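Working notes, beginning with the structure itself.
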Amino acid sequence: MHTLPYGFKKFRLSDPLPVCSRWKENMPSVREPAAYHLYIAARKVWRSKIEWQLTHEETLHILTDVKKAAELGDWGARALMAHFYLEGLGPLEANNVLKPDPYKAVEIVRMAAKEMQPWGLYDLGVAYEHGYGGVLHDVDLAWAYYLRAAQLGSPEAQMALAQAYKEDGRKTDEAVMLQCAYQQGHGPAAYQLAIKAGVQMHYEEAIRMCQEGIKLGSDECARDLRIMFNQGYWDRKSEQEKEILRPLGIAIDPERERRYQAIYNALQINPDLKLTRLDRVVPLPPAKLPTWSGVDDAAEPESHGLPSY
């Protein structure tokens, strides 16, 4: 095993859980507006279509502007450049503008990890776990990075620890870590909490958590609620389940199914969507459905304040 960096410790299931922290509290307090807006505009184009549908002109525009924003110091742009270097940009010969280069991806991630930014620590842990980009495979070091990232608020790292606790049979500790991630607005954590509640047949909690997950961008939550209003039950096609769901107003509902399907389709293309106005356009039963003109009615209005992480 490599030597642990200063301040890091080996992850042990027997140790106390990390205190819930928020990743935004461990990012720079100032974000340069010009670089931020350049990055956001490019990201909107990237998220406007499935990537193979983008034209060469669009992918080139995305790459040019995200790279420029990264050079100007925006860490969101740098994180997206790390993603592009890892995955490439433009999956087709007709729109490809960047081939994968995991070495350059890790170079950016190392910069963030050196600054003790939670996302960089987590991503460097992933590199150690899988051994790419010049990083040697070392599972113990990977989990040391996951632990440090979780301590500093990385929701992805908190989810990784939750999975480890689950596999060890520590369901309460798993739930605590999932709550840590969910409270930061992490959609996948909301979905996992919904699944846990559903397994325990706490359907009201499961449905509410799925609704909250959609607001945070979880396409899995949108998919599950679409299925529920298509078939009129959650998971078990049983009289016991129907007896529990009936007072909650759960039944076959083609219009709700249609709206959740539209939301699912939108989140498949753009998981960055925040649908904070969801309850206005697709409230849960027994509330009646208002009119709507599409998914945009549920979207969070654009902020015009100073940008922050």
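Coordinate-derived values only; no laboratory data. Fair warning: this is a prediction, and the values are worked out from it, not measured in the lab. So basically every Cβ, Gly included, is an ideal-geometry build from the backbone, and we count neighbours across all protein chains shown.
For the reader, a short list of remarks on this structure follows.
- About its Cα centre, the dipole of the chain is roughly 360 debye, where the only charges are +1 on Lys and Arg Cβ and -1 on Asp and Glu Cβ.
- From the alpha carbon centroid of the range 7-43 to that of the range 253-309 is 26 Å.
- Cβ-Cβ distance of Lys171 and Ser48, R₀ of 30 Å, FRET efficiency by 1/(1 + (r/R0)^6): the value works out to about 0.15.
- Among the DSSP helices (H) of the chain, those spanning at least 15 angstrom by Cα along their long axis with an average Kyte-Doolittle hydropathy of -0.5 or more are 33-46, 75-87, 102-114, 118-130, 139-151, 171-182, 187-199; this is a geometric and hydropathy rule only.
- Measure of compaction for the range 1-109 (Cα Rg per 2.2 N^0.38 Å): 1.34
- Among the GluC sites (Glu not before Pro) within the range 89-169, those in coil by DSSP and having at most 15 neighbouring Cβ atoms inside 10 Å are Glu93, Glu115.
- Calculated mean residue ellipticity at 222 nm for the chain: -17500 deg cm²/dmol, from DSSP H runs with n ≥ 4 weighted as -39500 (n - 2.57), summed, divided by the residue count and rounded to 500.
- Length gained when the stretch His56-Asn96 is fully extended (0.36 nm per residue, less Cα-Cα span): 13.7 nm
- Count Lys and Arg as plus one, Asp and Glu as minus one, and take only other residues whose Cβ is under 15 Å from that of Ser154; the net charge is then -2.
- Each 10 Å bin from zero holds the following percent of Cα-Cα pairs in the range 185-298: 16, 51, 30, 4.
- Across the chain, Cα-Cα pairs more than 31 Å apart make up 38 percent of the total.
- Of the three principal axes defined by the Cα atoms of the range 1-60, the extents in descending order read 51, 30, 23 Å.
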